[in-house]
Amino acid sequence: MLDLSRLRALHAVSVHGSVAGAAAALGYTASAVSQQITKLERETRTTLLERRGRGVALTEEAIHLASTAQRLLAIVEQAETVLEQRRGQPTGRLSIAAFASAARGLLPGVLARLGREHPALDARLTEVDPHLSVDLVAKGVVDLAVAHDWDITPLPAPEGVAQALIGDDRCDLLVPQGHALAGRDAVRREELAEERWVCQPPGTVCHDWLVRTLRAAGCEPDIRHQAEENHTQLALVAAGLGVAMIPRLGRGPLPPGVVAVRLDPVPVRRLYALWRTEAARRPAIIAAVSALQGAAEALRKAG
């Protein structure tokens with residue numbers, strides 16, 4: 001009889017591509033995941049992982065077993081959903097993935113509310129890039145994801161994944177104090193052709209959005225500095241090294257030396273909750289989505 005927890009560990013390694021990534025997603029240590037895989041290899045009398053440089057790769061047998069594990073985990077989720085529905089209360093573990101600024105600006109209050117109102121629910125947060133979160137939901141690695149898209153880059157939802165709008169997040173142009181645009185009421189995108197930019201690295205949603213937005217306005221952005229953290233970008237702007245477009249969610253108070261200027265039209269990103277359609281009636285999903293929407297509405301009213 002194959003052990004489900006060991007199959008879950010193998011499935012997580014297949015999705016994240018490494019033992020360390022699987023451990024972070026499951027909330028285990030890397031050694032615990034490795035032990036689960038080793039035990040599964042003994043049970044199946046099959047080599048499942050092969051060393052590739054500093055990492056590991058799944059064997060053909062492991063790929064087949066991980067695919068089977070995904071289907072089995074989906075069946076288990078259905079059974080757990082039915083039991084939770086019959087209890088009528090959110091219970092069990094709820095794994096949530098969120099992009100960085102939502103994890104900082106939205107989830108702390110949501111997790112605290114869920115803990116107060118539903119003490120039998122074990123909600124856990126993992127910070128991930130929004131590019132990855134949808135796939136993690138689709139593959140059953142996480143139960144719920146908070147992701148975003150921009151006005152020019154809609155968020156795709158694959159078959160089997162449902163989504164609900166949480167709210168909107170507006171973006172400002174941030175410039176150094178004393179910059180020529182610092183005293184303006186509003187700036188159009190076409191006026192930004194000669195600026196030096198600070199933004200996230202290529203391959204991230206915000207980087208791709210910035211490049212596409214400025215190119216659509218006839219500008220090729222001169223990107224001088226790249227940093228993943230908003231606070232690092234703000235520090236670079238404060239030092240006079242460039243300008244940035246940074247959303248308000250999770251941004252916090254602007255540091256000295258940085259001025260926010262309204263863009264015309266205002267760039268808006270939409271925030272979504274995503275979950276597997278099979279779990280749509282799970283009380284934990286319903287409670288979490290409601291809490292997310294309530295938190296986003298509170299932030300909107302607070303400005």
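The values are calculated or read from the model by the stated rules, or taken from the named source; none is laboratory data. Keep in mind that this is a model prediction, so the values were computed, not measured. Positions of Cβ are backbone-derived with ideal geometry, glycine not excepted, and every protein chain shown enters the neighbour counts. Note: areas computed on protein heavy atoms with side chains; ligands, DNA, RNA excluded. Shrake-Rupley method; radii C 1.70, N 1.55, O 1.52, S 1.80 Å.
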Considering E297, E278, E228, which residue is at pLDDT 90 or above, of a type in the set (D, E) and under 26 Å from P156 (Cβ atoms)? E297
Of all the strands (runs of 3 or more DSSP E) wholly in the stretch 158-211, which have at least 1 residues that are under 30 Å from D143 (Cβ atoms) and either in contact with a Leu (Cβ under 6 Å, 6 or more places away or on another chain) or open to solvent by less than 20 Å² (accessible area, probe 1.4 Å) (or both)? 161-176
Pairs under 6 Å by beta carbon, first residue of a type in the set (K, R) in the stretch 5-33, partner modelled with pLDDT of 85 or more, six or more apart or different chains? R6/Q36; R6/K39; R6/L40
Looking only at residues that are open to solvent by 40 Å² or more (accessible area, probe 1.4 Å) and modelled with pLDDT under 90 in the stretch 212-225, which one is nearest to I246 (Cα to Cα)? R212
Please tell me if L26 is touching a Leu at 6+ places or on another chain (Cβ under 9 Å) and either under 20 Å from K139 (Cβ atoms) or of a type in the set (K, R) (or both). no
Of all residues making up the stretch 49-75, the number that are buried (at least 17 other Cβ atoms within 10 Å of the Cβ), within 27 Å of the chain's Cα centre (by Cα) and assigned to a strand (DSSP E or B): 2
With respect to R113, determine if the residue is surrounded by fewer than 21 Cβ atoms within 10 Å (Cβ to Cβ), assigned to a helix (DSSP H, G or I) and charged (D, E, K, R). yes
What is the number of the single condition among (1) farther than 28 Å from I63 by Cα; (2) open to solvent by 20 Å² or more (accessible area, probe 1.4 Å) that T126 does not meet? (1)
Which condition number in (1) open to solvent by 60 Å² or more (accessible area, probe 1.4 Å); (2) closer than 15 Å to S5 by Cα; (3) in contact (Cβ under 8 Å) with a residue 60 or more places away in the chain is the one that Q78 fails? (2)
For the stretch 84-92, state whether one or more residues are touching a residue at least 24 places away in the same chain (Cβ under 8 Å), open to solvent by 70 Å² or more (accessible area, probe 1.4 Å), assigned to a helix (DSSP H, G or I) and more than 23 Å from S133 (Cα to Cα). yes
